[in-house]
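Here the structure is laid out as structure tokens; the discussion comes afterwards.
What follows draws every value from the coordinates through simple rules; no lab data is involved. Remember, predicted model here, so these are calculated numbers, not experimental data. Cβ atoms come from the backbone with ideal geometry, glycine included; neighbour counts cover every protein chain shown.
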Amino acid sequence: MIEKQILSQKIKENDIKEFVLSFLGKLSCSYVELQRTPLGERVIVHTARPGLVVGRKGENIRILTEKLKEKFQMQNPQVEVAEIENPNLDAATVAKSMVATFEKYGPKRFKAISYKHLENVMKSGARGAEIVVSGRGVPGERSKRWRFLFGYLKKSGDISERFVDRACEMANLMSGAVGIKVSILHPEIRLPDDIIFKEVKVEEVKRVDVKIQVIEEKKVEVIEKKQEEVKKEEKAEKKPEQKDVINKEKRAKTDS
């Protein structure tokens with residue numbers, strides 16, 4: 001069945017992604033992308049630290065290629081490393097950076113850490129961002145949930161589902177597990193309610209003014225012509241009336 005083939009293929013792709021992340025280190029990679037090409041399968045690793053992923057003289061890439069051939073029977077896997085231009089606008093990178101900070105320094109200053117990462121995200125040009133820290137590892141008598149929000153962030157609708165970058169990571173600490181959720185709305189995304197002001201050049205404004213003046217002058221000329229025509233018609237109507245009055249006066253004189 002076609003459905004079973006599709007499911008088995010998706011499961012295999014998911015296993016490959018998890019294996020690549022576990023081999024290279026989850027804290028060093030953002031996400032893994034798979035592409036099928038005529039030459040073979042292309043594995044693209046997106047990361048903010050490409051030097052750490054590649055290793056000395058490409059040793060990590062070479063070992064990873066051999067393991068993909070052995071474990072998943074991939075004939076010609078091509079492993080590529082793509083650098084993330086702005087790590088502060090990548091939700092997975094921000095979440096993994098917070099996990100590394102928590103595991104290194106502990107969760108006591110989780111508020112300062114969250115606000116610092118949120119500030120870095122907004123300085124990078126994001127329209128809005130949200131960081132949620134929750135779990136038993138948060139300092140307190142019981143598990144808590146803290147939300148740090150800044151800017152404009154869509155929570156529902158098509159924009160939220162398709163264009164909001166989300167990531168979820170977990171830090172395993174001595175005090176307990178801490179879950180971190182990061183949501184970022186990128187600056188290049190246009191919202192349906194955005195208002196765009198068009199810039200009009202001075203020359204165009206002058207041309208428009210000249211056109212308006214010409215139109216107004218033409219209107220004045222047309223009105224004056226109509227007024228003259230009305231006056232002529234009135235004069236033409238008055239002349240026969242005057243002639244009738246003169247004829248009546250002459251007849252009255254002759255009768256008398």
Report task. Sort the stretch 48-167 into rounded, prolate or oblate with this rule: let a ≥ b ≥ c be the square roots of the eigenvalues of the Cα gyration tensor; rounded if a/c is under 1.5, and if a/c is not under 1.5, prolate when a/b is larger than b/c, oblate otherwise. Result -> prolate
Query raised in the report: Each label point is 7 Å from the Cα along the Cα-to-Cβ direction; what then is the distance between the points at Ile189 and Arg136, in nm?
Result: 3.4 nm
**Report entry** Separation between Cα centres of the stretch 1-41 and the stretch 82-110, rounded to whole Å
**Finding:** 24 Å
Report summary line: Where a ≥ b ≥ c are root eigenvalues of the Cα gyration tensor, a/c under 1.5 meaning rounded, otherwise prolate if a/b exceeds b/c and oblate otherwise, the stretch 2-84 counts as prolate
Query raised in the report: So which GluC sites (Glu not before Pro) in the stretch 91-162 end up in coil per DSSP with only 10 or fewer other C-beta atoms within 10 Å?
Result: Glu141
**Report entry** HN-Hα J in Hz across the stretch 160-172 - Karplus 6.51, -1.76, 1.60, θ = phi - 60°, x for Gly and Pro
**Finding:** 5, 6, 9, 10, 7, 7, 10, 8, 9, 9, 9, 10, 8
Query raised in the report: Working out 0.36 nm times the residue gap between Glu66 and Ala177, then minus their Cα-Cα distance, what length gain in nm do you get to one decimal?
Result: 36.5 nm
Query raised in the report: Could you give the length gained on full extension between Leu149 and Phe197, defined as 0.36 nm per residue of separation minus the Cα-Cα distance, in nm?
Result: 14.4 nm
Query - Filter on Lys10/Lys181; Lys4/Lys96; Lys104/Lys154; Lys198/Lys226; Lys12/Lys108; Lys71/Lys181 - keep pairs with C-alpha separation over 29 Å - result: Lys4/Lys96; Lys104/Lys154; Lys198/Lys226; Lys12/Lys108; Lys71/Lys181
Query - Cα gyration tensor, the stretch 110-160 - rounded (a/c under 1.5), prolate or oblate - result: oblate
**Report entry** By average C-beta atoms within 10 angstrom, highest first, the peptides 62-72, 106-116
**Finding:** 106-116, 62-72
Report task. Using 0.36 nm per residue of separation minus the Cα-Cα distance, give me the extension gain between Gln78 and Ile223 in nm, one decimal. Result -> 44.2 nm
Query raised in the report: If you count, for each residue, the other Cβ atoms within 10 Å and average over each peptide, how do 12-20, 221-229 line up from highest to lowest?
Result: 12-20, 221-229
